[in-house]
Amino acid sequence: MSLVELDGVHKRFGNLEVLSDVNLSVEEGEIVAIIGRSGSGKSTMLRCINGLEPVQQGRITVDGTEVTTAKADLNDLRQRVGMVFQSYNLFPHLSVERNVTLALKVVRKTPLAEARDIARETIAKVGLADKLNAYPDELSGGQQQRVAIARSLAMGPKVMLFDEITSALDPELVGEVLRVLEALAADGMTMLLVTHEMKFAKTVGNRVVFMHHGRVHEAGDARETLEQPRTPELTSFLNAVLH
Amino acid sequence: MIREFGFDDVLFLLLAARWTILLTLAAMAIGGAVALVVAILRIVPFRPANWLAIGYINLVQGTPILGQLFIFFFGFSVFGWNVGAWTAAVTTFSIYASAYLAEIWRGGLQSVPKTQWESSAALGLNYLQRLRYVIIPQAVRINIPPTVGFLVQLVKNTSLASVIGFVELSRAGQMLNNATFAPMAVYLTVAAIYFVICFSLSRASQRLEGRIHVAR
């Protein structure tokens with residue numbers, strides 16, 4: 001069974017159908033780039049995977065746990081599914097280290113010393129070992145986003161969801177965040193990324209999923225799909241973003 | 001016998017001010033604990049809890065403190081319970097503080113961005129953990145100024161307890177005025193003591209505010 005599976009998923013906000021009949025399965029170790037115009041449902045799809053948004057129809061399973069039943073233990077599932085947001089969403093009242101140790105201590109009941117070791121290790125992995133005691137408002141956007149990645153990573157997730165994590169960054173800060181993602185990819189992390197970085201999607205992604213009007217409109221091998229799109233919608237989308 | 005207003009009288013007022021402060025502190029402690037529960041009931045995603053909290057807040061805010069004081073002081077004797085002035089005053093002002101603080105704190109809790117709820121949920125924190133470790137600490141800073149503002153009101157409003165014979169600062173002033181017939185001297189001193197208490201509170205709140213990290 002695949003690590004992440006979406007089966008006939010429908011999601012509505014009122015009368016607006018944001019996702020209609022979405023099917024997708026992601027294998028362990030796969031890196032899937034999700035692209036599409038704004039409003040095409042790509043972020044919503046990601047948010048359904050860890051249960052931040054409920055769906056009206058269909059089935060989502062992650063690591064053998066069904067997300068879409070009423071009795072799903074979402075808090076347990078979310079320890080295995082990391083998520084990083086466009087606007088970082090660090091906890092502003094906590095230092096970098098405590099941002100990372102919070103969930104370990106509170107959710108996982110990890111002893112403090114051990115939690116701090118894990119935090120130091122993951123923070124070093126994103127290149128911010130010297131910022132352990134800094135507060136989020138003392139960091140640049142790129143640094144904050146790297147801390148957000150470390151915060152998710154510390155829980156040892158099986159899959160990570162990235163929701164346009166470079167979109168809010170100044171252009172010169174995008175590179176440092178993408179390099180962290182590349183390192184994660186090299187470690188074999190399973191990742192689903194909603195992104196506008198086509199070059200990154202092509203070089204690091206195994207697969208590209210193009211969302212259009214709430215459906216998976218075209219999907220396939222990353223390089224092939226981006227270089228030779230089969231549908232006119234993807235062709236016109238790629239023309240629009242590459243210029 | 002009418003006598004002069006002197007140093008001993010100032011001392012008498014200062015000692016009476018202890019009861020103003022104690023009454024305020026008691027109301028703040030008990031009322032604050034209740035307010036925290038009511039504020040949380042007001043925002044949890046469970047309608048009946050929200051209605052219960054709203055009902056409580058409206059009931060308390062919609063009735064005068066004076067009326068509540070009389071109800072607790074005289075009303076209970078109808079049932080044979082003899083309630084002293086201190087107990088009646090603490091009960092009244094705790095209830096009064098709980099309703100107003102609940103409404104102030106609810107606003108603070110709701111002003112923490114929704115994305116903070118989401119990012120803590122995404123890490124696996126359950127509802128109460130999100131509140132306790134992420135939302136409340138951030139709401140605290142937002143809530144300091146309006147809470148202290150209310151506390152200043154509370155200090156002054158405790159003077160109402162004088163009508164049920166509780167000897168706090170205002171009641172002590174009345175008593176001294178009856179003995180000395182020096183209303184200007186007595187009430188200016190009383191006012192000055194209230195001012196010192198309230199002004200210190202405001203200063204302390206400004207200090208506290210500067211110390212806490214929060215999103216800007």
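Here are some notes:
- The stretch A:181-243 and the stretch B:52-93 have Cα centres spaced 66 Å apart.
- A:Asp7-A:Ala240 FRET efficiency (beta carbon distance; Förster radius 30 Å; 0.05 resolution): 0.45
- Evaluated with a Cβ-only charge set (Lys, Arg +1; Asp, Glu -1), the stretch B:7-210 carries a dipole of roughly 600 debye about its Cα centre, given to the nearest 20.
- Each of B:Ala97, A:Asn75, A:Val9 was scored by the projection of its Cα onto the charge dipole of the protein assembly as shown, and the greatest displacement toward the positive side belongs to B:Ala97; charges sit on the C-beta of Lys, Arg, Asp and Glu.
- A dipole drawn for the stretch B:1-109 from +1 and -1 charges on Cβ atoms has a positive end, and of B:Leu25, B:Ala35, B:Trp81 the residue lying farthest that way is B:Ala35.
- Residue by residue along B:123-135, Cβ atoms of other protein chains within 10 Å of the local Cβ number 6 on average.
- Low-density loop positions, trypsin sites (Lys or Arg not before Pro), the stretch A:185-243 - DSSP coil, at most 14 other Cβ in 10 Å: A:Arg230
- Using a probe radius of 1.4 angstrom, the carbon and sulfur fraction of the accessible surface of the stretch B:7-210 is 71%.
- Rounded to the nearest 5, the antiparallel percentage of DSSP beta bridges internal to chain A is 55%.
- Between A:Asp130 and B:Val37, the FRET efficiency from the beta-carbon distance, with R0 = 35 Å, is close to 0.25.
- Mean-position separation - Cα centroids, the stretch A:71-125 and the stretch A:23-69, in angstrom: 22 Å
- Take each residue of peptide A:85-91, count the partner chain Cβ atoms within 10 Å of its Cβ, and average: the result is 5.
- C-alpha long axis of helix B:169-180 to longest principal axis of chain B, angle in °: 10 degrees
- DSSP-assigned coil residues among chymotrypsin sites (Phe, Trp or Tyr not before Pro) in the stretch B:1-72, each with at most 12 further Cβ atoms within 10 Å: B:Phe46
- Among B:Ser170, B:Ser202, B:Ser94: highest mean-square fluctuation, GNM of chain B, C-alpha pairs under 10 Å: B:Ser202
- Accessible surface area normalised per residue over the stretch A:108-243 is 46 Å², counting heavy atoms of protein chains with a 1.4 Å rolling probe.
- For chain B, the longest principal axis of the C-alpha atoms and the axis of helix B:136-157 are separated by about 20°.
- For A:Val81, net neighbour charge (Lys/Arg +1, Asp/Glu -1) across residues whose Cβ lies under 15 Å away: -4
- The mean of 1/r over all distinct Cα pairs in chain A, once inverted, gives the Kirkwood hydrodynamic radius of 18.4 Å.
- Sites B:Leu25 and A:Ala70 - FRET efficiency at Förster radius 35 Å, r taken between beta-carbons, to 0.05: 0.15
- Antiparallel DSSP beta bridges within the protein assembly as shown, percent to nearest 5: 55 percent
- Dipole orientation for the protein assembly as shown: of the candidates A:Val62, A:His212, B:Ala121, B:Ala121 has the Cα lying most toward the positive pole (charges on Cβ; Lys, Arg +1; Asp, Glu -1).
- Helix A:112-125 axis versus longest C-alpha principal axis of chain A: approximately 60°, rounded to the nearest ten.
- Under a model in which nothing but the beta-carbon of Lys, Arg (+1) and Asp, Glu (-1) is charged, the protein assembly as shown shows a dipole of about 1100 debye around its Cα centre.
- Residue among A:Thr203, A:Thr122, A:Thr166 with the largest mean-square fluctuation in a Gaussian network model of chain A, springs linking Cα atoms under 10 Å: A:Thr203
- Most to least packed among A:94-100, A:21-27 [average Cβ atoms within 10 Å]: A:94-100, A:21-27
The values are calculated or read from the model by the stated rules, or taken from the named source; none is laboratory data. Note that the structure is predicted; figures quoted are calculated from it, not measured. Every residue, glycine as well, gets a Cβ built from its backbone with ideal geometry; the counts of neighbours run over all protein chains shown. With ligands, DNA and RNA removed, areas are computed over all heavy atoms of the protein, side chains included. Shrake-Rupley method; radii C 1.70, N 1.55, O 1.52, S 1.80 Å.
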